[in-house]
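Taking it in order: structure first as structure tokens, then the write-up.
The values are calculated or read from the model by the stated rules, or taken from the named source; none is laboratory data. Fair warning: this is a prediction, and the values are worked out from it, not measured in the lab. Neighbour counts are summed over all protein chains in view; Cβ atoms, including those assigned to glycine, are modelled from backbone coordinates with ideal geometry.
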Amino acid sequence: MGSEAENKASSNNGKRRGIYLLPNLFTTAGLFSGFFAIVSSMNERYIEAAVAIFIAMIFDGIDGRVARMTQTESDFGAQYDSMADIVSFGMAPALVAYNWALQDLGKIGWLAAFIFVAGGALRLARFNTNIATNDKRFFQGLAIPSAAALVAGMVWVGTEYQISGKDVSWLAALITVCAGLLMVSNFRYHSFKDVNWKERVSFLVILIIVLAFVIVATEPALVLFAIFFLYTLSGPILTVKSVKKLRLKHVVGDDYCDDADFSEAESGKAQSEKAAENADQQDKTKD
């Protein structure tokens with residue numbers, strides 16, 4: 001009797017227990033790349049470490065698209081992807097930068113690396129809680145893969161051109177800290193999610209894409225670092241141009257009504273209370 005009841009309950013539920021293999025396979029590959037980057041930096045193989053982080057970015061871009069194309073999206077996959085991101089794009093770049101240059105700064109060095117890790121964790125938490133309300137065209141703050149690419153590109157360029165991390169330790173700390181802080185900022189960054197990849201393009205566009213690949217292949221370290229450095233600067237520039245007067249809320253902080261801890265009812269109540277206060281102030285002004 002008990003087993004029959006359990007079978008009926010499972011059939012009524014209509015959902016099979018288990019984990020989708022394909023998207024989580026790419027997520028695991030990205031997690032492996034991030035862990036490989038950490039191990040490589042411990043062995044002073046910094047080019048391999050930086051390349052592994054960029055490879056993790058490729059897997060991170062694939063897993064979500066594969067999940068949507070194959071209709072295998074799940075809450076487990078979303079949480080697993082976030083956990084993998086904090087390793088591949090939070091811990092890995094911070095430790096690679098620390099082993100390359102920041103350890104010579106002592107306490108300041110590991111604090112700079114920690115700021116990057118903490119900024120990445122906060123960035124992911126904010127993104128996950130606001131994913132339903134965010135403007136899909138823009139990121140709120142620098143995305144953690146882009147911040148990781150900036151730091152990894154810095155290490156890659158330094159190693160490629162035989163620049164000792166000790167000679168640029170303060171510059172490396174500055175870039176690492178700025179990348180961590182930009183992740184928790186309110187600067188707007190283009191997400192490029194509004195690009196229609198199914199749209200027909202001219203033959204010239206294909207030629208430009210081929211030329212871009214050729215340019216990257218000639219000096220991958222320098223070109224990739226330059227691309228993500230310019231993208232990092234685009235956020236503050238785009239934000240300043242899009243507002244008439246730059247305020248603190250445009251740089252950092254959240255409006256209390258949009259806090260993730262508020263429910264819709266609480267948010268509506270807060271808005272009504274604020275409107276009532278404004279009405280009272282107007283009445284007093286009239287009197």
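Brief remarks on what is shown
- Of the criteria (1) under 13 Å from Ala149 (Cα atoms); (2) modelled with pLDDT under 90; (3) among the hydrophobic types (A, V, I, L, M, F, W, C), which one Val66 fails: (1)
- Selection within the range 95-108 - farther than 19 Å from Ala52 by Cβ and either out of contact with any Ser or Thr (no Cβ under 7 Å at 6 or more places or on another chain) or not assigned by TED's automatic domain parsing to the domain that holds Ala147 (or both): Gln103, Gly106, Lys107, Ile108
- When Leu111, Leu122, Leu105 are checked against the criterion of being surrounded by fewer than 21 Cβ atoms within 10 Å (Cβ to Cβ), under 11 Å from the mean Cα position of the chain (by Cα) and on the phi < 0 side of the Ramachandran plot, a single residue qualifies: Leu122.
- Number of the exception - Gly106 against (1) closer than 26 Å to Glu44 by Cβ; (2) at pLDDT below 95; (3) touching a Lys or Arg at 6+ places or on another chain (Cβ under 9 Å): (3)
- Of all residues in the range 211-234, those that are at negative phi have Cβ atoms under 6 Å from Cβ atoms of residues that are assigned to a helix (DSSP H, G or I) and of a type in the set (Phe, Trp, Tyr), 6 or more apart or on another chain, in Ala221/Trp156.
- Thr159 crowded, with 20+ Cβ neighbours inside 10 Å, touching a residue at least 24 places away in the same chain (Cβ under 8 Å) and not aromatic (Phe, Trp, Tyr): yes
- Annotation note: Cβ proximity below 9 Å between a residue of the range 6-30 that is modelled with pLDDT under 50 and part of a helix (DSSP H, G or I) and a residue that is of a type outside the set (Phe, Trp, Tyr) and loosely packed, with under 15 Cβ neighbours inside 10 Å (sequence gap 6+ or interchain) occurs for Ser10/Arg16; Ser10/Arg17.
- Filter result (aliphatic (A, V, I, L, M), in contact with a helix residue (DSSP H, G or I) (Cβ under 7 Å, 6 or more places away or on another chain) and closer than 21 Å to Ala49 by Cα) within the range 160-187: Val168, Ala172, Ala173, Ile175, Val177, Ala179
- The set of residues in the range 164-190 that are buried (at least 20 other Cβ atoms within 10 Å of the Cβ), outside any helix (DSSP H, G or I) and among the hydrophobic types (A, V, I, L, M, F, W, C) comprises Val184, Phe187.
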